[in-house]
Structure formats: C-alpha cells, structure tokens
Amino acid sequence: MNKLDRYDLQILSHLQHDATLSNQDLAERIGLSPSPCSRRVKQLQDDGYIVRQVALLDRKKLGLSLTAFVQIGMDRHTPERFEHFEAQIRLCPEVLECNLVTGMDADYQLKVVVADMEHYQQFLLGQLTRIEGVSSVRSSFVLNQVIASTELPLEHLRG
C-alpha cells in the first residue's frame, strides 16, 4: 500500500460521498489546483484505491421492497463445491452480496433484494435451493434499514 497523504484521503472521502464531483469542484474542496488533483485521482485509480464509480439507485422506487439476509449451509466443504456454488450465485442478480463466513452455522451469507415475498419464494425455490451442494437455507428479513452507507471509514489512515 502506497502512503496516502492528506490530499489523497480528502479526495477519497469526497469521491466516495459524491462521485459526480467535477475535477474543478474536487480541486477547490481539497485546496489543490485542477491539474494536480486530476493526476492524483488518476493515480488513486491506477493504484486500485478507486475501484469503480457507480450510481446508487433507490430500491424502493424501483419496486424492490424486500431485503433478506440468507445463511447458506453446504453439504461438503470442498474447494470444488464452494467454487460451483460461487459460480452459480454470481448469476443471480437478486444477490447483492455473497460472503464466505465463519462463526455461525452457515458457510455463506447473502444479501438478497427482491420485490416482495412472492419473488423471494420464486428465487428461493427456483434458483437458490437448486444449486448443487446447498444443504440448508435460513432467511432473515429486514424490517427497517437503520444505516445504509457505501462510504468506508478512513480515519485510521490519518496520521
């Protein structure tokens, strides 16, 4: 990891809050002229600190009102079984996150977003339980989202 200075950290902070900032606006906010600011952003991209820039959509306005956290147990703990599951789950647009986990009675935890319970049932029975190796599925449903952020904490990097 390259050493990030205060300008780099400010760039990362501002861009993860609002990636639509023009280079001019970003430069003004961090106290650099536009040319060095642009070079720094490009370097942060080249170094892999900025992976991609996306638009965050309002899932409720799009009719996606049900979020589920799903714990998946696998029948065998072999690399081949896990690779097969991961390849299949990548094909499911309903799955926003898939994490291999430890410390619970599950091998994977998924974050799934669908329109409603009917769509969740279709996803569960039509796709998820049909993946070879899935031996258990436990679903929990979000009642209210208290915090929803994509911004990573950067304070530990400030010197």
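The values are calculated or read from the model by the stated rules, or taken from the named source; none is laboratory data. For clarity, every value in this text was computed on a predicted model and none was experimentally measured. We place every Cβ from the backbone using ideal geometry, glycine too, and count neighbours over all the protein chains shown.
Would you say I72 is among the β-branched types (V, I, T), over 30 Å from D5 (Cα atoms) and not in a helix (DSSP H, G or I)? Against the criterion (among the β-branched types (V, I, T), over 30 Å from D5 (Cα atoms) and not in a helix (DSSP H, G or I)), I72 qualifies.
Within region 119-145, if we keep just the residues that are more than 23 Å from R81 (Cα to Cα) and in contact (Cβ under 8 Å) with a residue 40 or more places away in the chain, the residue that is surrounded by the most Cβ atoms within 10 Å (Cβ to Cβ) turns out to be Y120. Do we have any residue at all in region 24-38 that's of a type in the set (K, R), assigned to a loop (DSSP other than H, G, I, E, B) and either without any contact (Cβ under 8 Å) to a residue 24 or more places away in the chain or in contact with a Ser or Thr (Cβ under 8 Å, 6 or more places away or on another chain) (or both)? Within region 24-38, not a single residue is of a type in the set (K, R), assigned to a loop (DSSP other than H, G, I, E, B) and either without any contact (Cβ under 8 Å) to a residue 24 or more places away in the chain or in contact with a Ser or Thr (Cβ under 8 Å, 6 or more places away or on another chain) (or both). The single condition among (1) in a loop (DSSP other than H, G, I, E, B); (2) under 17 Å from the mean Cα position of the chain (by Cα); (3) more than 30 Å from I11 (Cα to Cα); (4) of a type outside the set (D, E) that Q109 does not meet is (1).
Output yes when any residue across region 53-68 is of a type in the set (K, R), under 30 Å from A106 (Cβ atoms) and surrounded by 11 or more Cβ atoms within 10 Å (Cβ to Cβ), and no when none is. The answer is yes; a qualifying residue exists.
Look at D58 and say whether it is touching a Lys or Arg at 6+ places or on another chain (Cβ under 8 Å), charged (D, E, K, R) and either closer than 27 Å to F141 by Cβ or at pLDDT below 95 (or both).
Taking the combined requirement at face value, the residue does not satisfy it.
Quick grid of which residues meet (1) in the same structural domain as L12 (by TED's automatic domain parsing); (2) under 20 Å from the mean Cα position of the chain (by Cα); (3) of a type in the set (S, T, N, Q):
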{"residue": "Q45", "(1), (2), (3)": "yes, yes, yes"}
{"residue": "R90", "(1), (2), (3)": "no, yes, no"}
{"residue": "V101", "(1), (2), (3)": "no, yes, no"}
{"residue": "E118", "(1), (2), (3)": "no, no, no"}
{"residue": "V137", "(1), (2), (3)": "no, no, no"}
{"residue": "I147", "(1), (2), (3)": "no, yes, no"}
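Looking at region 80-87, can you tell me whether even one residue there is more than 24 Å from V51 (Cβ to Cβ) and surrounded by fewer than 12 Cβ atoms within 10 Å (Cβ to Cβ)? Among the residues of region 80-87, at least one is more than 24 Å from V51 (Cβ to Cβ) and surrounded by fewer than 12 Cβ atoms within 10 Å (Cβ to Cβ), which makes the answer yes. In region 93-118, the qualifying residues are those that are in contact (Cβ under 8 Å) with a residue 40 or more places away in the chain and crowded, with 19+ Cβ neighbours inside 10 Å, and the one that is nearest to F82 (Cα to Cα) is L110. Before we move on, is M1 exposed (fewer than 14 other Cβ atoms within 10 Å of the Cβ), at pLDDT below 95, not assigned by TED's automatic domain parsing to the domain that holds E132 and not in a strand (DSSP E or B)? Yes; evaluated as a whole, the condition is true for this residue.
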